[in-house]
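Data block below; observations after.
The values are calculated or read from the model by the stated rules, or taken from the named source; none is laboratory data. These numbers were taken from a predicted model, which means no experiment stands behind them. Cβ placement follows ideal geometry from the backbone for every residue including glycine, while neighbour counts extend to all protein chains displayed.
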Amino acid sequence: MTDSAVLIKTFSKFIGIGVIATLIQYIGMIFFIEFGEFSQTLSSALSFAISAIFNYLLSYSFTFRASSRHSTSLIKFSIVALSGLVLNTAIFYLVKNNIAIHYIFSQCIATAAVLLWNFYFNLKWTFK
């Protein structure tokens with residue numbers, strides 16, 4: 001299999017796991033906002049953290065088929081996830097407060113940016 005084919009296959013797996021993680025994030029965010037009465041920005045951040053746990057477990061075993069120790073991969077993944085959380089929260093906050101669109105659309109914009117960020121750094125560093 002060529003390098004391009006491997007990259008496409010890995011990215012496809014990443015997208016599949018990401019769709020499920022995103023559903024977890026969005027359902028959690030809506031729950032925290034609508035039923036938990038948390039702020040929208042805090043709800044976005046909390047639900048991101050919850051979905052990151054799911055994402056790590058499947059990224060390690062399925063997407064990237066890592067052979068490194070969990071202690072090493074988890075630290076690296078946490079650094080990437082925390083930087084993604086900062087990026088997600090900043091984009092969500094800026095879009096929500098400057099464009100005045102529904103919080104779900106603000107989260108969609110943040111999700112798209114963080115998806116590319118996370119894939120690149122997890123591929124090149126976390127699970128290498």
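With respect to the conditions (1) farther than 16 Å from CYS108 by Cβ; (2) at pLDDT 95 or above, ILE30 falls short on a single one, namely (1). With respect to the conditions (1) farther than 17 Å from TRP125 by Cα; (2) under 11 Å from the mean Cα position of the chain (by Cα), PHE14 lacks only one, and its number is (1). Restricting the stretch 51-100 to residues that are more than 23 Å from TRP125 (Cβ to Cβ) and either modelled with pLDDT under 90 or under 14 Å from the mean Cα position of the chain (by Cα) (or both), the residue that is surrounded by the most Cβ atoms within 10 Å (Cβ to Cβ) is PHE92.
Taking GLY28 as the residue in question, decide whether it is closer than 19 Å to ASN122 by Cβ and either surrounded by 16 or more Cβ atoms within 10 Å (Cβ to Cβ) or not hydrophobic (A, V, I, L, M, F, W, C) (or both).
Working: closer than 19 Å to ASN122 by Cβ: no; either surrounded by 16 or more Cβ atoms within 10 Å (Cβ to Cβ) or not hydrophobic (A, V, I, L, M, F, W, C) (or both): yes.
In short, no.
Residue selection: ALA5 fails the criterion of being modelled with pLDDT under 95, touching a Phe, Trp or Tyr at 6+ places or on another chain (Cβ under 6 Å) and not hydroxyl-bearing (Ser, Thr, Tyr). The one condition from (1) touching a residue at least 24 places away in the same chain (Cβ under 8 Å); (2) hydroxyl-bearing (Ser, Thr, Tyr); (3) touching a Phe, Trp or Tyr at 6+ places or on another chain (Cβ under 7 Å) that SER47 does not meet is (1).
Can you tell me which residues in the stretch 16-29 are aliphatic (A, V, I, L, M) and either touching a Lys or Arg at 6+ places or on another chain (Cβ under 7 Å) or free of Cβ contacts under 8 Å to residues at least 60 places away in the same chain (or both)? Selection gives ILE17, VAL19, ILE20, ALA21, LEU23, ILE24, ILE27.
Those residues that are surrounded by fewer than 18 Cβ atoms within 10 Å (Cβ to Cβ) and either in contact (Cβ under 8 Å) with a residue 60 or more places away in the chain or in contact with an Asp or Glu (Cβ under 7 Å, 6 or more places away or on another chain) (or both), I need them from the stretch 116-126; list them, please.
Here is the first cut: in the stretch 116-126, the residues surrounded by fewer than 18 Cβ atoms within 10 Å (Cβ to Cβ) are 116-117, 120, 123-125.
LEU123, the sole residue that qualifies.
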